[in-house]
Amino acid sequence: MADTKPVKKLTIFDLQAKVDRGEKIFQVTAVDFPTAQLVDRAGIDCILIGDSLGMTALGYESTVPVTMDEMIHHAKAISKAAKHALVVGDLPLGAYHASSEDAVNSAMRMIKEGGADVVKLEGGEDFAPMAEAVIKSGVPVMAHIGLTPQLMSKLGGFKVQGKDASTGVQLLKDAMAMEKAGCFAIVLEAIPDRVAQIITERLNIPTIGIGAGPDCDGQNLVLHDMVGLFDRFSPKFVKRYANCWEIISKALEDFQEDVNKGEFPKAEHSFTMKEEEYRDLLQHLPKS
Ligand code: KIV
(Lines give C-alpha, C1' and ligand atoms only; values in the text may rest on other atoms or scores of the structure.)
Protein backbone atom coordinates (compact mmCIF):
# COMPACT_ATOMS: atom_id res chain seq x y z
CA MET A 1 0.00 0.00 0.00
CA ALA A 2 1.33 3.48 -0.89
CA ASP A 3 2.64 5.66 1.91
CA THR A 4 0.69 8.90 1.30
CA LYS A 5 -0.79 10.33 4.53
CA PRO A 6 1.42 12.91 6.33
CA VAL A 7 2.29 11.52 9.77
CA LYS A 8 3.71 12.99 12.95
CA LYS A 9 6.77 11.30 14.41
CA LEU A 10 6.25 10.49 18.09
CA THR A 11 8.63 11.57 20.84
CA ILE A 12 9.14 10.40 24.41
CA PHE A 13 6.91 13.32 25.49
CA ASP A 14 4.01 12.00 23.39
CA LEU A 15 4.17 8.72 25.31
CA GLN A 16 3.84 10.48 28.66
CA ALA A 17 1.04 12.64 27.19
CA LYS A 18 -0.85 9.49 26.18
CA VAL A 19 -0.63 8.15 29.72
CA ASP A 20 -1.75 11.52 31.12
CA ARG A 21 -4.81 11.33 28.84
CA GLY A 22 -5.54 7.83 30.14
CA GLU A 23 -4.58 6.19 26.82
CA LYS A 24 -2.48 3.03 26.50
CA ILE A 25 0.98 2.88 24.90
CA PHE A 26 1.66 0.19 22.27
CA GLN A 27 5.10 -1.23 21.55
CA VAL A 28 5.81 -4.01 19.04
CA THR A 29 9.09 -5.40 17.71
CA ALA A 30 10.25 -5.36 14.10
CA VAL A 31 13.26 -7.06 12.57
CA ASP A 32 13.54 -5.56 9.08
CA PHE A 33 12.13 -2.92 6.69
CA PRO A 34 8.78 -4.59 5.81
CA THR A 35 7.93 -5.65 9.38
CA ALA A 36 8.79 -2.13 10.57
CA GLN A 37 6.53 -0.64 7.86
CA LEU A 38 3.68 -2.89 9.00
CA VAL A 39 4.11 -1.89 12.65
CA ASP A 40 4.52 1.81 11.82
CA ARG A 41 1.51 2.02 9.49
CA ALA A 42 -0.68 0.21 12.03
CA GLY A 43 -0.21 3.25 14.29
CA ILE A 44 1.82 1.47 16.99
CA ASP A 45 3.59 4.06 19.18
CA CYS A 46 7.01 2.40 19.56
CA ILE A 47 8.86 0.06 17.24
CA LEU A 48 11.22 -1.99 19.38
CA ILE A 49 14.40 -3.23 17.70
CA GLY A 50 14.49 -5.96 20.34
CA ASP A 51 17.47 -8.24 20.68
CA SER A 52 14.80 -10.99 20.45
CA LEU A 53 15.59 -10.64 16.73
CA GLY A 54 18.47 -12.99 17.54
CA MET A 55 15.84 -15.71 17.95
CA THR A 56 13.11 -14.56 15.55
CA ALA A 57 15.32 -13.42 12.65
CA LEU A 58 18.77 -14.94 13.17
CA GLY A 59 17.91 -18.42 14.49
CA TYR A 60 19.86 -18.23 17.76
CA GLU A 61 18.68 -20.24 20.77
CA SER A 62 18.56 -17.09 22.92
CA THR A 63 19.39 -13.38 22.82
CA VAL A 64 22.79 -14.00 24.46
CA PRO A 65 24.95 -14.21 21.28
CA VAL A 66 23.48 -11.09 19.63
CA THR A 67 26.17 -8.49 18.92
CA MET A 68 26.05 -4.74 18.61
CA ASP A 69 26.96 -5.04 14.91
CA GLU A 70 23.97 -7.33 14.29
CA MET A 71 21.66 -4.92 16.11
CA ILE A 72 22.94 -2.00 14.03
CA HIS A 73 22.50 -3.97 10.78
CA HIS A 74 18.79 -4.52 11.57
CA ALA A 75 18.31 -1.07 13.10
CA LYS A 76 19.37 0.64 9.86
CA ALA A 77 16.55 -1.03 7.93
CA ILE A 78 13.93 -0.66 10.68
CA SER A 79 14.55 3.02 11.38
CA LYS A 80 14.15 3.88 7.68
CA ALA A 81 10.57 2.56 7.81
CA ALA A 82 9.49 4.51 10.90
CA LYS A 83 7.56 7.60 9.82
CA HIS A 84 5.33 7.73 12.92
CA ALA A 85 6.65 5.44 15.64
CA LEU A 86 9.39 6.15 18.15
CA VAL A 87 12.24 3.74 17.37
CA VAL A 88 13.64 2.02 20.46
CA GLY A 89 16.99 0.27 19.93
CA ASP A 90 17.90 -2.52 22.35
CA LEU A 91 21.49 -2.67 23.60
CA PRO A 92 22.54 -6.35 23.54
CA LEU A 93 24.47 -8.34 26.15
CA GLY A 94 28.01 -7.04 26.52
CA ALA A 95 27.25 -3.62 25.00
CA TYR A 96 26.94 -1.80 28.34
CA HIS A 97 27.66 -4.27 31.14
CA ALA A 98 31.34 -3.50 31.80
CA SER A 99 31.18 0.27 32.17
CA SER A 100 29.23 3.48 31.71
CA GLU A 101 31.69 4.36 28.94
CA ASP A 102 30.71 1.22 27.03
CA ALA A 103 27.05 2.10 27.58
CA VAL A 104 27.47 5.61 26.17
CA ASN A 105 29.49 4.36 23.16
CA SER A 106 26.93 1.64 22.37
CA ALA A 107 24.00 4.04 22.75
CA MET A 108 25.69 6.54 20.43
CA ARG A 109 26.23 3.81 17.81
CA MET A 110 22.58 2.78 18.03
CA ILE A 111 21.49 6.38 17.39
CA LYS A 112 24.17 7.48 14.89
CA GLU A 113 24.57 4.29 12.84
CA GLY A 114 21.31 2.47 13.54
CA GLY A 115 19.03 5.50 13.31
CA ALA A 116 17.10 4.65 16.52
CA ASP A 117 15.54 7.52 18.49
CA VAL A 118 16.20 6.10 21.96
CA VAL A 119 17.79 2.98 23.49
CA LYS A 120 16.57 0.27 25.84
CA LEU A 121 18.71 -1.64 28.28
CA GLU A 122 17.96 -4.58 30.56
CA GLY A 123 18.69 -4.38 34.28
CA GLY A 124 17.72 -2.73 37.56
CA GLU A 125 19.69 -1.04 40.35
CA ASP A 126 23.04 -2.49 39.22
CA PHE A 127 22.66 -0.87 35.80
CA ALA A 128 21.29 2.49 36.94
CA PRO A 129 24.77 4.14 36.64
CA MET A 130 25.02 2.99 33.00
CA ALA A 131 21.51 4.28 32.24
CA GLU A 132 22.31 7.59 33.93
CA ALA A 133 25.52 8.02 31.92
CA VAL A 134 23.69 7.39 28.63
CA ILE A 135 20.92 9.86 29.56
CA LYS A 136 23.53 12.49 30.55
CA SER A 137 25.14 12.01 27.14
CA GLY A 138 21.81 13.03 25.57
CA VAL A 139 20.23 9.70 24.65
CA PRO A 140 16.88 8.83 26.28
CA VAL A 141 16.75 5.37 27.88
CA MET A 142 13.88 2.90 28.28
CA ALA A 143 14.61 0.51 31.15
CA HIS A 144 13.68 -3.19 31.19
CA ILE A 145 13.31 -5.24 34.39
CA GLY A 146 11.76 -8.53 35.53
CA LEU A 147 12.59 -11.34 33.15
CA THR A 148 15.70 -9.98 31.45
CA PRO A 149 16.53 -12.68 28.87
CA GLN A 150 20.15 -11.52 28.44
CA LEU A 151 20.81 -12.70 32.01
CA MET A 152 18.75 -15.88 31.80
CA SER A 153 21.60 -18.05 33.17
CA LYS A 154 21.58 -15.96 36.34
CA LEU A 155 17.76 -16.10 36.49
CA GLY A 156 17.68 -19.87 35.87
CA GLY A 157 15.93 -19.72 32.48
CA PHE A 158 12.87 -17.97 31.04
CA LYS A 159 11.05 -17.70 34.40
CA VAL A 160 8.48 -15.37 35.90
CA GLN A 161 10.25 -12.95 38.29
CA GLY A 162 9.14 -11.32 41.56
CA LYS A 163 6.77 -14.07 42.69
CA ASP A 164 7.44 -13.60 46.43
CA ALA A 165 7.58 -10.59 48.73
CA SER A 166 11.35 -10.12 48.72
CA THR A 167 11.83 -10.44 44.95
CA GLY A 168 8.68 -8.35 44.35
CA VAL A 169 10.09 -5.57 46.56
CA GLN A 170 13.45 -5.84 44.77
CA LEU A 171 11.65 -5.29 41.45
CA LEU A 172 10.06 -2.11 42.83
CA LYS A 173 13.52 -0.94 44.01
CA ASP A 174 14.93 -1.70 40.55
CA ALA A 175 12.13 0.24 38.86
CA MET A 176 12.59 3.21 41.22
CA ALA A 177 16.36 3.20 40.65
CA MET A 178 15.86 3.33 36.87
CA GLU A 179 13.31 6.15 37.21
CA LYS A 180 15.75 8.05 39.45
CA ALA A 181 18.49 7.50 36.85
CA GLY A 182 16.27 9.44 34.41
CA CYS A 183 14.76 6.67 32.24
CA PHE A 184 11.68 7.89 30.35
CA ALA A 185 9.78 4.55 30.47
CA ILE A 186 10.26 1.01 31.73
CA VAL A 187 9.43 -2.43 30.33
CA LEU A 188 8.16 -4.92 32.92
CA GLU A 189 8.59 -8.47 31.60
CA ALA A 190 7.05 -11.63 33.05
CA ILE A 191 6.17 -10.46 36.54
CA PRO A 192 2.96 -11.02 38.54
CA ASP A 193 0.15 -8.59 37.65
CA ARG A 194 -0.07 -7.30 41.25
CA VAL A 195 3.63 -6.43 41.35
CA ALA A 196 3.29 -4.63 38.00
CA GLN A 197 0.27 -2.74 39.33
CA ILE A 198 2.21 -1.54 42.41
CA ILE A 199 5.19 -0.48 40.26
CA THR A 200 2.87 1.36 37.85
CA GLU A 201 1.20 3.20 40.74
CA ARG A 202 4.52 4.12 42.40
CA LEU A 203 6.35 5.36 39.28
CA ASN A 204 5.80 8.61 37.42
CA ILE A 205 7.23 7.25 34.16
CA PRO A 206 5.13 4.93 31.93
CA THR A 207 5.35 1.17 32.47
CA ILE A 208 5.08 -1.06 29.39
CA GLY A 209 4.19 -4.64 30.21
CA ILE A 210 4.94 -7.91 28.47
CA GLY A 211 3.52 -10.65 30.65
CA ALA A 212 2.89 -8.13 33.44
CA GLY A 213 -0.91 -7.95 33.49
CA PRO A 214 -3.42 -5.30 32.41
CA ASP A 215 -2.53 -2.46 34.77
CA CYS A 216 0.64 -1.29 33.02
CA ASP A 217 0.50 2.00 31.11
CA GLY A 218 1.21 0.15 27.87
CA GLN A 219 1.65 -3.28 26.35
CA ASN A 220 4.48 -4.82 24.35
CA LEU A 221 4.47 -7.89 22.11
CA VAL A 222 7.06 -9.52 19.88
CA LEU A 223 5.65 -9.31 16.33
CA HIS A 224 6.76 -12.83 15.36
CA ASP A 225 4.95 -14.26 18.41
CA MET A 226 1.71 -12.35 17.86
CA VAL A 227 1.41 -13.19 14.16
CA GLY A 228 2.59 -16.80 14.45
CA LEU A 229 5.96 -16.53 12.70
CA PHE A 230 8.01 -18.09 15.50
CA ASP A 231 7.41 -21.81 15.92
CA ARG A 232 9.90 -22.81 18.66
CA PHE A 233 7.81 -21.90 21.71
CA SER A 234 5.09 -19.49 22.73
CA PRO A 235 5.22 -17.89 26.20
CA LYS A 236 1.97 -17.89 28.24
CA PHE A 237 1.74 -14.10 27.92
CA VAL A 238 1.52 -14.14 24.13
CA LYS A 239 -1.81 -13.79 22.36
CA ARG A 240 -1.63 -14.98 18.77
CA TYR A 241 -3.59 -12.67 16.46
CA ALA A 242 -2.73 -14.38 13.15
CA ASN A 243 -1.14 -17.56 11.88
CA CYS A 244 1.27 -16.24 9.25
CA TRP A 245 3.26 -19.49 9.36
CA GLU A 246 0.22 -21.35 8.03
CA ILE A 247 -0.60 -18.65 5.46
CA ILE A 248 2.94 -18.56 4.03
CA SER A 249 3.31 -22.37 4.06
CA LYS A 250 0.04 -22.69 2.13
CA ALA A 251 1.23 -20.10 -0.45
CA LEU A 252 4.46 -22.07 -0.94
CA GLU A 253 2.52 -25.33 -1.42
CA ASP A 254 0.09 -23.67 -3.86
CA PHE A 255 2.98 -22.24 -5.90
CA GLN A 256 4.51 -25.70 -6.41
CA GLU A 257 1.15 -27.24 -7.22
CA ASP A 258 0.33 -24.49 -9.76
CA VAL A 259 3.67 -24.90 -11.57
CA ASN A 260 3.26 -28.70 -11.66
CA LYS A 261 -0.28 -28.34 -13.05
CA GLY A 262 0.68 -25.67 -15.62
CA GLU A 263 -1.46 -23.10 -13.81
CA PHE A 264 1.48 -20.76 -13.31
CA PRO A 265 2.88 -18.77 -15.00
CA LYS A 266 0.02 -17.76 -17.34
CA ALA A 267 -0.01 -15.15 -20.11
CA GLU A 268 -0.59 -12.34 -17.58
CA HIS A 269 2.67 -13.23 -15.82
CA SER A 270 4.70 -13.57 -19.07
CA PHE A 271 6.34 -11.13 -21.47
CA THR A 272 5.39 -11.36 -25.15
CA MET A 273 7.10 -10.16 -28.35
CA LYS A 274 5.58 -8.87 -31.58
CA GLU A 275 4.72 -11.56 -34.13
CA GLU A 276 7.11 -10.11 -36.78
CA GLU A 277 9.96 -9.94 -34.24
CA TYR A 278 9.33 -13.59 -33.41
CA ARG A 279 9.39 -14.62 -37.10
CA ASP A 280 12.61 -12.63 -37.52
CA LEU A 281 14.11 -14.35 -34.50
CA LEU A 282 13.26 -17.80 -35.93
CA GLN A 283 14.94 -16.90 -39.21
CA HIS A 284 18.13 -15.78 -37.46
CA LEU A 285 18.51 -18.77 -35.14
CA PRO A 286 21.95 -20.38 -35.53
CA LYS A 287 21.90 -23.81 -37.22
CA SER A 288 22.11 -26.56 -34.62
O1 KIV B 1 13.99 -8.06 22.71
C2 KIV B 1 12.78 -7.90 22.90
O3 KIV B 1 11.91 -8.22 22.05
C4 KIV B 1 12.37 -7.32 24.18
C5 KIV B 1 10.92 -7.37 24.53
C6 KIV B 1 10.59 -8.76 24.97
C7 KIV B 1 10.55 -6.36 25.54
O8 KIV B 1 13.19 -6.86 24.90
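Counting only protein heavy atoms, what percent of the accessible surface of the chain is carbon or sulfur at a 1.4 Å probe?
Solvent-exposed carbon and sulfur of the chain make up 57 percent of the total.
Quick check on packing: order 101-109, 153-161 by the mean number of other C-beta atoms within 10 Å, highest mean leading.
Result, highest mean Cβ count within 10 Å first: 101-109, 153-161.
Take the Cα radius of gyration of the chain and divide it by 2.2 N^0.38 Å, with N its residue count; two decimals is plenty.
1.24
Rounded to whole Å and ordered largest first, report the semi-axes of the equivalent ellipsoid of segment 102-249 derived from its Cα gyration tensor (root of 5λ).
Rounded to whole Å, the semi-axes are 26, 21, 14.
Counting heavy atoms of the protein chains only and a 1.4 Å probe, report the per residue accessible area for segment 165-217 as a whole number of Å².
Accessible area per residue, segment 165-217: 42 Å².
Over the Cα atoms of segment 59-144, what radius of gyration and what Dmax do you get, in Å?
So, for segment 59-144, Rg and Dmax equal 12.2, 35 Å respectively.
Which is farthest toward the positive dipole end of segment 94-148 among 124, 111, 146, measuring Cα position about the Cα centre, with Cβ charges +1 (Lys, Arg) and -1 (Asp, Glu)?
111
Could you rank the peptides 135-147, 164-176, 53-65 by their average count of other C-beta atoms within 10 Å per residue, with the highest value first?
Ranking, from highest mean packing down: 135-147, 53-65, 164-176.
Antiparallel as a % of all DSSP beta bridges within the chain, to the nearest 5?
So the antiparallel bridges in the chain amount to around 5 percent.
The values are calculated or read from the model by the stated rules, or taken from the named source; none is laboratory data. From a predicted model like this one, the values you see are computed outputs, not experimental measurements. Cβ atoms come from the backbone with ideal geometry, glycine included; neighbour counts cover every protein chain shown. We work out accessible area using only protein heavy atoms, side chains counted, and drop any ligands, DNA or RNA first. Shrake-Rupley method; radii C 1.70, N 1.55, O 1.52, S 1.80 Å.
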